[in-house]
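Structure first, commentary second.
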Amino acid sequence: MQLAKTEITLKLTHEDFLDETKEGKKLYSYQKGAINKIFSAFDEAKENYRLLYQLPTGGGKTVIFSEIVRQYLTNHKKKVLIMTHRVELCKQTSNMLTEFGVHNKVINSTANLDDQDEYVCYVAMVETLNNRLQDDKLDISDVGLVIVDEAHYNSFTKLFKFFENSFLLGVTATPLSSNIKLPMNENYDELITGETIDALIENEFLASGNTYNYNVGLTSLEVGANGDYTVKSSEDLYTTNDMLTKLMQAYEERSKGKKTLIFNNGINTSLHVYDAFSYAGYPIMHLDNTASKKQRKNILQWFHETPDAILTSVSILTTGFDEPSVESIILNRATKSLTLYYQMIGRGSRIFKNKSTFDIIDLGNNFHRFGPWGADLDWQKIFRSPNYYLENLLDDEELESHFSYDMPEDLRVQFAKSENVSFDIKKAYTESVRAGETSKVILERSIEQHAYICVENSEDVYDALELAKQLGDDIDFRIMRYSKCISKSTHNFLTWLKNDYRLKLRSYLRSNFDEVFENIHGFPPPEDDE
């Protein structure tokens, strides 16, 4: 590897900063290959070269760059600095370096820098490091290698100006900037990609994911300045009874009894989830960034020790959290961030004991937007042309235009006497327009069709009313289709329309059950026995 033109002679000897009795973790062949590629790239590069390395979550990025640090310090009279953006990552990185025999100093808000000359490797929180550099309290003149963990975050780039004579290595699972206005190809000269998710699964380094999608109408969501959905609009949608019911049903169908992580967009949403699952008697805890260190430690310890634990959270567990026993990931939110999509799912991908698969429950149409986790993404193309990739993602209206409602098998059994349970809202709208009718007749006909199949599969009006309660997802789907036809989809309007539909369906059944029953069977329903 090339060195900066002026080398600083360190007071410390090799033995002072490397513990040769510690060998670190065993390196797999793909990890050794990555290390060789990275050193080769630096060997052939100019000074201040910025290299980006991509490897999926669970592939061992920290192991790789810890070995890079060990080898670099063994062969060069220069120092190394690792930058992280979270306290948890800072501690994990420091511990991993120690496992590899690298004595290191953590630079956090309470660190004393009087002994900085006694170390050749620093691990620093980005904001703390920025403050120390601005105050000129940290000597970085002899730092030859800078490593940036979770490099897709943009908080690091403001520090690059301090390291113009250093090689810089960024590592990330998703080489797509968290800020569309600051593409990674403007801060890094080259991207090296590691093993794919498929390859890591095939070689039993990662668990494979089983994805289950539950279509959700997202057109009421608003996009904020950061390019992702706002917390407020997300909470307006995901705290409704319909969405909480859908979440509970999805959990009971796919995740019941499994250790489960639920990701939400907003603290209020997570608290609603906590209340709903607690009321249902499930073991659940809530965690967000307002929790104290002690609370966080206790909650994560409980989660670790409880086999069927459910942890509902907001943002805080997407990075710096490693619990291999997680069996199910529930995305109770939508996102426009490919990086966040992969980070959330990656929390369940670790191999653990007999665990070789995990479940992914998507309640945000994320699968439809980004494709399956582990899809063969062309990271080089995304790195070179991030705007092209982002601009070609389907928006919510396009996504939802391809949706169809398929009644779940267990529900379809309750409507076994009905040959057809579907109703084409779009077709009905087209026919009503051609006939010069008002759009409200569409929902009237839809209600009549729903009432028909409820009566067809019931002995009395009470049975029919109970069946009508099971049609929530179908009703919501029809309302979303209808709203697109009439080009009106505000959150308040949709909420009112869904509630109004349910009220009218129940009213129709009470008023017309006998007539519909006789039309179906050719005789009136039996009278109630008093």
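Details
- Listed peptides 104-113, 453-462, 80-89 by packing density, highest first (mean Cβ within 10 Å): 80-89, 453-462, 104-113
- Residue order, fewest to most beta carbons within 10 Å, for Glu400, Glu235: Glu235, Glu400
- Counting charges near Phe263 (Lys, Arg +1; Asp, Glu -1) among other residues having Cβ under 11 Å from its Cβ returns a value of +1.
- Label-point separation, Lys91 to Asp463 (7 Å along Cα→Cβ), nm: 6.0 nm
- Using the Cβ-Cβ distance between Phe39 and Asn387 with R0 = 35 Å, the FRET efficiency computed as 1/(1 + (r/R0)^6) comes to roughly 0.65.
- Computed from phi, the 3J(HN,Hα) profile of the stretch 135-144 under the Karplus parametrisation 6.51, -1.76, 1.60 (θ = phi - 60°) reads 7, 6, 9, 10, 8, 10, 5, 10, 7, x Hz, with x in place of Gly and Pro.
- For the pair Lys353 and Arg445 in one chain, pulling the backbone fully straight at 0.36 nm per residue adds 27.7 nm over the alpha carbon distance.
- Net +/- balance of residues flanking Asp322 in space, Cβ distance below 13 Å, scoring K and R +1, D and E -1: +3
- Summing +1 for each Lys or Arg and -1 for each Asp or Glu among the other residues whose beta-carbon sits under 11 angstrom from that of Phe352 gives +1.
- From the coordinates shown, Rg and Dmax of the Cα atoms in Å corresponds to which of [x] 25.7, 93; [y] 28.3, 101; [z] 26.8, 88: [y]
The numbers here are math on the coordinates, done by the rules we state, and not lab data. The structure presented is a predicted model; accordingly, all values stated were derived computationally and were not measured. Cβ sites come from the backbone with ideal geometry, for glycine too, and all protein chains shown count toward neighbours.
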